[in-house]
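Q: To start, I am sharing the structure in question, which I have written as structure tokens.
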Amino acid sequence: FLGWAAVQTGRVEEGIAALERTLTFARAANMVQWMPNCLGWLAEAYGAVGQPARGHACLEEAAAIMQRGGEAWWEPERRRLSG
């Protein structure tokens, strides 16, 4: 949540770095439950710094995680961000 909070308070680069660290840890530990949400925050941050392609890559990763786990709880937000 610290990365998201940094982005929301205008410290976007700091937030991106924090979110990327969190995702690196989550991937290594195979902690997938909150990864789609975190990837969405990162996608928003990339959009804020003019890197929409990187943001869309995050959303594609989130979609793959949800499909593998058979979860759909985050799908509406993923679609909103994709727009």
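The values are calculated or read from the model by the stated rules, or taken from the named source; none is laboratory data. Please read all numbers here as calculations on a predicted model, not as lab measurements. Here the Cβ positions follow ideal geometry from the backbone for every residue, glycine too, while neighbour counts run over all protein chains shown. Ligands, DNA and RNA are stripped out before the accessible areas are found, and what is left, the full protein with its side chains, is counted by its heavy atoms. Shrake-Rupley method; radii C 1.70, N 1.55, O 1.52, S 1.80 Å.
Q: For the range 34-48, how many residues meet the condition of being touching a residue at least 24 places away in the same chain (Cβ under 8 Å) and open to solvent by 50 Å² or more (accessible area, probe 1.4 Å)?
A: Looking only at that region, the number is 2.
Q: When residues of the range 17-44 are filtered for being assigned to a helix (DSSP H, G or I), under 13 Å from Phe1 (Cα atoms) and hydrophobic (A, V, I, L, M, F, W, C), how many remain?
A: If we filter the range 17-44 for residues that are assigned to a helix (DSSP H, G or I), which is where we start, we get 17-28, 35-44.
Those still in the list that are under 13 Å from Phe1 (Cα atoms) too: 17-23, 35, 37-42.
From what is left, the residues that are hydrophobic (A, V, I, L, M, F, W, C) are 17-19, 23, 35, 38-39, 41-42.
Looking only at that region, the number is 9.
Q: Would you pick out the residues in the range 46-65 that are under 15 Å from Leu23 (Cα atoms) and not small (Gly, Ala, Ser)?
A: Tyr46, Arg54, Cys58, Leu59, Glu60, Glu61, Ile65
Q: While we're here: Can you report the number of residues in the range 2-33 which are open to solvent by 70 Å² or more (accessible area, probe 1.4 Å) and touching a Ser or Thr at 6+ places or on another chain (Cβ under 9 Å)?
A: Start the filter on the range 2-33 by keeping residues that are open to solvent by 70 Å² or more (accessible area, probe 1.4 Å), which leaves 2, 4, 8-9, 11, 13-14, 21-22, 24-25, 27-28, 30-31, 33.
Pick out the ones that are also touching a Ser or Thr at 6+ places or on another chain (Cβ under 9 Å) and you get 2.
Total meeting the criteria: 1.
Q: Please find, among Gly55, Gly69, the residue that is touching a Leu at 6+ places or on another chain (Cβ under 8 Å) and either touching a residue at least 12 places away in the same chain (Cβ under 8 Å) or open to solvent by less than 60 Å² (accessible area, probe 1.4 Å) (or both).
A: Values: Gly69 fails: touching a Leu at 6+ places or on another chain (Cβ under 8 Å).
From the options Gly55, Gly69, the qualifying one is Gly55.
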